[in-house]
1. Would you be so kind as to identify all helices of the chain, as entire DSSP H runs, whose Cα atoms reach 24 Å or more along the helix's own axis and whose mean Kyte-Doolittle hydropathy is at least -1.0?
2. Please compute the modelled spin-label separation between Asp19 and Asp86, points set 7 Å along Cα→Cβ, answer in nm with one decimal.
3. With label points built 7 Å along Cα→Cβ from the Cα atoms of Leu54 and Leu28, find their separation and express it in nm.
4. Can you pull the three principal axis extents for the Cα set of the stretch 37-79, in Å, largest first?
5. Using the Kirkwood radius built from alpha carbon pairs, what does the Stokes-Einstein equation give as D for the chain at 25 °C and 0.890 mPa s, in µm² per second?
6. About the Cα centre of the stretch 4-48, how large is the charge dipole given +1 on each Lys and Arg Cβ and -1 on each Asp and Glu Cβ? Please answer in debye to the nearest 20.
Amino acid sequence: MSRRSEQRRAAVFVVYQHDLTGRPLHELFDRQTAMFTRSLAHAVTDHQAELDPLIGRHAKGWTLERIAPLERSIMRVALLEMLHPDVVPGESPIPPEGAIS
């Protein structure tokens, strides 16, 4: 598994914790959290007002609140990466295949 995949997984988990607890992101990161993970989690919360309606619109028969928090977090991260591939600093923009994977 690539380092970026691990960091993406960590970002999903932080977004999930934030969604469940309402705690600020900076309280959920440990000192060793990579900059990519931090940037991705912050970008998701910064764009949440754009992401959530898109998820809700395409989730046939499901409201956003009915989607399990972990799955909702995964969708938010993936959708952010597809819509705004250059918002998170990295060696190169995130290709759609990477976001979907």
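1. Working: long enough: 3-21 (27 Å, -0.80).
Going by DSSP H runs, the hits are 3-21.
2. 2.8 nm
3. With each label placed 7 Å out from Cα toward Cβ, I get 1.9 nm.
4. Dimensions of the stretch 37-79 along the principal axes of its Cα atoms: 32, 18, 14 Å.
5. Values: Rh = 13.7 Å.
The calculation lands on 179 µm²/s.
6. Values: 6 positive and 5 negative charges, 31 e Å.
Dipole size: approximately 140 debye.
Any read-out appearing in this document is the output of simple, stated calculations on the displayed coordinates, not a laboratory observation. None of these values were measured; they are calculated from a predicted model. Please note: Cβ atoms are built from the backbone with ideal geometry, for glycine as well, and neighbour counts cover all protein chains shown.
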